[in-house]
1. If you stretched the chain out fully between SER84 and LEU11, how much longer would it get, using 0.36 nm times the residue separation minus the C-alpha to C-alpha distance?
2. Search the structure for amide H atoms under 5 Å from the amide H of SER27, placed 1.01 Å from N in the peptide plane, and list their residues when 5 or more places away or on another chain.
3. Taking the solvent-accessible surface of protein heavy atoms with a 1.4 Å probe, what is the per residue accessible area of the chain in Å²?
4. Assuming R0 = 22 Å, can you tell me the calculated FRET efficiency for the pair ASP61 and THR112, based on Cβ-Cβ distance, to the nearest 0.05?
5. Counting only protein heavy atoms and using a 1.4 Å probe, what share of the accessible area of the chain belongs to carbon plus sulfur, as a whole percent?
6. Please find the FRET efficiency linking ARG19 to LYS43, where r is the Cβ-Cβ separation and R0 is fixed at 25 Å, and quote it to the nearest 0.05.
7. For the chain, what is the relative contact order in percent, using Cα pairs closer than 8 Å and at least 6 residues apart in sequence?
8. Taking the Cα centre of the chain as origin and charging only Cβ (+1 Lys, Arg; -1 Asp, Glu), how large is the dipole, in debye to the nearest 20?
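The values are calculated or read from the model by the stated rules, or taken from the named source; none is laboratory data. Just so it is clear, the structure is predicted and the values come from calculations on it, not from any experiment. As a convention, Cβ positions derive from the backbone with ideal geometry for all residues, glycine included, and neighbour counts pool all protein chains shown. Note: accessible area is taken over every heavy atom of the protein model, side chains too, but ligands, DNA and RNA are not part of it. Shrake-Rupley method; radii C 1.70, N 1.55, O 1.52, S 1.80 Å.
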Amino acid sequence: QVHLVESGGGLVQPGGSLRLSCAASGSIFSINAMGWYRQAPGKQRELVAVITSGGSTNYADSVKGRFTISRDNAKNTVYLQMNSLKPEDTAVYYCNAPVGLVNYWGQGTQVTVSS
(Lines give C-alpha, C1' and ligand atoms only; values in the text may rest on other atoms or scores of the structure.)
Protein backbone atom coordinates (compact mmCIF):
# COMPACT_ATOMS: atom_id res chain seq x y z
CA GLN A 1 0.00 0.00 0.00
CA VAL A 2 1.13 3.50 -0.85
CA HIS A 3 -0.34 6.64 0.68
CA LEU A 4 0.04 9.98 -1.11
CA VAL A 5 -0.74 13.38 0.40
CA GLU A 6 -0.66 16.55 -1.69
CA SER A 7 -0.30 20.10 -0.44
CA GLY A 8 0.43 23.58 -1.75
CA GLY A 9 -2.60 24.44 -3.83
CA GLY A 10 -4.44 27.72 -3.62
CA LEU A 11 -5.59 30.85 -5.41
CA VAL A 12 -3.04 32.74 -7.48
CA GLN A 13 -3.20 35.55 -10.03
CA PRO A 14 -2.27 34.95 -13.66
CA GLY A 15 1.48 35.02 -14.07
CA GLY A 16 2.02 33.88 -10.50
CA SER A 17 3.67 30.77 -9.09
CA LEU A 18 2.82 27.88 -6.81
CA ARG A 19 4.68 24.82 -5.61
CA LEU A 20 2.83 21.59 -5.01
CA SER A 21 4.20 18.83 -2.81
CA CYS A 22 3.32 15.14 -2.66
CA ALA A 23 4.54 13.11 0.30
CA ALA A 24 4.55 9.34 -0.08
CA SER A 25 4.37 6.80 2.72
CA GLY A 26 3.83 3.08 3.05
CA SER A 27 5.50 0.68 0.62
CA ILE A 28 7.59 3.43 -0.90
CA PHE A 29 10.36 1.03 -1.88
CA SER A 30 8.04 -0.22 -4.63
CA ILE A 31 7.63 3.21 -6.22
CA ASN A 32 9.51 4.01 -9.41
CA ALA A 33 7.90 6.78 -11.41
CA MET A 34 5.67 9.41 -9.86
CA GLY A 35 3.61 12.01 -11.57
CA TRP A 36 1.18 14.87 -11.40
CA TYR A 37 -2.18 14.87 -13.14
CA ARG A 38 -4.91 17.48 -13.20
CA GLN A 39 -8.62 17.56 -13.83
CA ALA A 40 -10.54 20.69 -14.70
CA PRO A 41 -14.34 20.87 -14.34
CA GLY A 42 -16.05 18.99 -17.15
CA LYS A 43 -12.77 17.63 -18.51
CA GLN A 44 -10.90 14.36 -18.30
CA ARG A 45 -7.94 13.91 -15.99
CA GLU A 46 -4.72 14.61 -17.89
CA LEU A 47 -1.04 14.00 -17.30
CA VAL A 48 0.92 17.10 -16.36
CA ALA A 49 4.39 15.77 -15.59
CA VAL A 50 6.15 12.57 -14.59
CA ILE A 51 9.54 11.78 -13.04
CA THR A 52 11.29 8.44 -12.67
CA SER A 53 13.40 7.33 -9.72
CA GLY A 54 16.43 8.13 -11.85
CA GLY A 55 15.29 11.68 -12.43
CA SER A 56 14.08 11.46 -16.03
CA THR A 57 11.16 13.78 -16.66
CA ASN A 58 8.37 14.25 -19.16
CA TYR A 59 5.84 17.07 -19.48
CA ALA A 60 2.59 17.82 -21.20
CA ASP A 61 3.12 20.26 -24.06
CA SER A 62 0.83 22.77 -22.37
CA VAL A 63 3.15 23.16 -19.37
CA LYS A 64 6.61 22.76 -20.92
CA GLY A 65 8.86 25.64 -19.98
CA ARG A 66 6.56 26.74 -17.15
CA PHE A 67 6.31 23.73 -14.80
CA THR A 68 9.14 21.72 -13.26
CA ILE A 69 8.77 18.36 -11.56
CA SER A 70 11.38 17.20 -9.06
CA ARG A 71 11.74 14.65 -6.30
CA ASP A 72 13.58 14.28 -3.03
CA ASN A 73 14.05 10.56 -2.53
CA ALA A 74 15.32 11.06 1.02
CA LYS A 75 12.03 12.74 1.93
CA ASN A 76 9.88 10.52 -0.31
CA THR A 77 8.42 13.69 -1.76
CA VAL A 78 7.70 14.90 -5.28
CA TYR A 79 7.28 18.56 -6.14
CA LEU A 80 5.66 20.49 -8.96
CA GLN A 81 6.92 24.03 -9.35
CA MET A 82 4.42 25.97 -11.42
CA ASN A 83 5.42 29.35 -12.87
CA SER A 84 3.71 31.75 -15.27
CA LEU A 85 0.36 30.30 -14.31
CA LYS A 86 -2.58 30.80 -16.64
CA PRO A 87 -6.33 30.64 -15.99
CA GLU A 88 -6.44 27.43 -18.02
CA ASP A 89 -4.16 25.80 -15.42
CA THR A 90 -7.09 25.92 -12.99
CA ALA A 91 -7.85 22.35 -11.91
CA VAL A 92 -7.58 19.84 -9.12
CA TYR A 93 -4.05 18.48 -9.16
CA TYR A 94 -3.45 14.86 -8.20
CA CYS A 95 -0.27 13.03 -7.31
CA ASN A 96 0.09 9.56 -8.84
CA ALA A 97 2.32 6.55 -8.18
CA PRO A 98 1.82 3.44 -10.30
CA VAL A 99 2.99 0.27 -8.56
CA GLY A 100 2.62 -2.85 -10.67
CA LEU A 101 -0.99 -2.98 -11.80
CA VAL A 102 -2.20 -0.57 -9.12
CA ASN A 103 -2.43 3.20 -9.56
CA TYR A 104 -2.22 5.08 -6.28
CA TRP A 105 -3.66 8.59 -6.08
CA GLY A 106 -3.62 11.39 -3.58
CA GLN A 107 -6.76 13.24 -2.52
CA GLY A 108 -6.03 16.18 -4.82
CA THR A 109 -5.30 19.84 -4.24
CA GLN A 110 -7.17 22.72 -5.87
CA VAL A 111 -5.26 25.24 -7.94
CA THR A 112 -7.20 28.30 -9.06
CA VAL A 113 -5.65 30.91 -11.33
CA SER A 114 -7.77 34.03 -11.42
CA SER A 115 -7.53 37.77 -11.09
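1. Between SER84 and LEU11, full extension yields 24.9 nm more.
2. VAL2, HIS3
3. With all protein chains present, the chain gives 53 Å² per residue.
4. The formula returns an efficiency of 0.50 here.
5. About 49 percent, which is the carbon plus sulfur part of the accessible surface.
6. 0.60
7. Value for the chain: 37 percent.
8. The calculated dipole for the chain is roughly 60 debye.
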